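The values are calculated or read from the model by the stated rules, or taken from the named source; none is laboratory data. Since this is a predicted model, take the numbers as computed values, not measurements. Glycine gets a Cβ as well: all are built from the backbone with ideal geometry, and neighbour counts include every protein chain shown. Each accessible area value is taken on the protein alone, full model and side chains, heavy atoms only, with ligands, DNA and RNA left out. Shrake-Rupley method; radii C 1.70, N 1.55, O 1.52, S 1.80 Å.
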Amino acid sequence: MKSLWMAPACLLLSSAVTAAELSSTVSFTNDYRFRGISQTAGDAAVQGSIDVTLDNGLYAGIWGSNVDFGDDANLEIDWYAGYWAEINDKLSWDATLYYYTYPGYDAADADYAEVDFNLYYGDLKLEYAFANDYVNLGEAAHYVALDYSYAVTEQVSLDLHAGHSFGDYWDDIDIGDYSDFSVGASTSFVGLDLSLAYLFNDLDSDQEIDNGAFRNDETVLLTVSRSF
């Protein structure tokens, strides 16, 4: 998510700055899992984002987290920009261009771009993401996911997720297609957003490196967030 979109995004923001809304979020989680696979070797993460949203549907932002790949990687910074539109009262969609970066990562140049499309119907979300140069290794990767949030009460929601990763990248590293799932609940309390989820997938347990990086075992994920 980098320079290929930053110039037009900045131009749009400058021309409509009075219609922009700025927001930010800080989160704490016991493990940073990305599509079922840990990015912190199973350890805790501190994460944060800053977002700008325009009333014409355009948005842009930056998101960051600590990471641990078992080498000198310790930081991920993601840049993104996109567009959201409403079709009717229940149906909407968005398209986002992400650029994932890892500043100070000397062991590898893993920066890469990904496009992400979402279709929303009520509390249901259908997602498709595609990167033609996943983690800068020259192979394509795809991701499809279905998410559903059901309001059990006015304060508590049941959250369900199913995702599937596939493409040449996963085949070439001998993992192949795999699916990730989660079942959880979320609520808000004294200004904090809380979520608790059980994560599991169909990867073999030995598909992780010896020092615990990229672990994919079943886990319970607790996340506490505050938005401003």
Give me the accessible area per residue for the chain, probe 1.4 Å, as a whole number in Å². 54
Restricting to Cα pairs below 8 Å that are 6+ residues apart, what does the relative contact order work out to for region 108-228? Please round to a whole percent. 15
State the percentage of accessible surface on the chain attributable to carbon and sulfur atoms; use a 1.4 Å probe and exclude ligands, DNA and RNA. 59
What range in the chain is the longest one free of GluC sites (Glu not before Pro) that are in a loop by DSSP and have at most 13 other Cβ atoms within 10 angstrom? 1-153
At 7 Å along Cα-to-Cβ for each site, give me the label-to-label distance between Asn66 and Tyr148 in nm. 3.7
Per 10 Å bin, what is the whole-percent P(r) computed from every C-alpha pair distance within the chain? 7, 27, 41, 20, 4, 0
Separation of alpha-carbon centers, region 37-74 and region 177-194, rounded to whole Å: 16
Rounded to whole Hz and in sequence order, give me ³J(HN,Hα) for region 218-228 from the Karplus expression 6.51 cos²θ - 1.76 cosθ + 1.60, θ = phi - 60°, writing x for Gly and Pro. 4, 7, 10, 10, 10, 10, 10, 10, 9, 9, 10
Counting pairs of Cα atoms in region 129-212, how many percent are more than 16 Å apart? 65
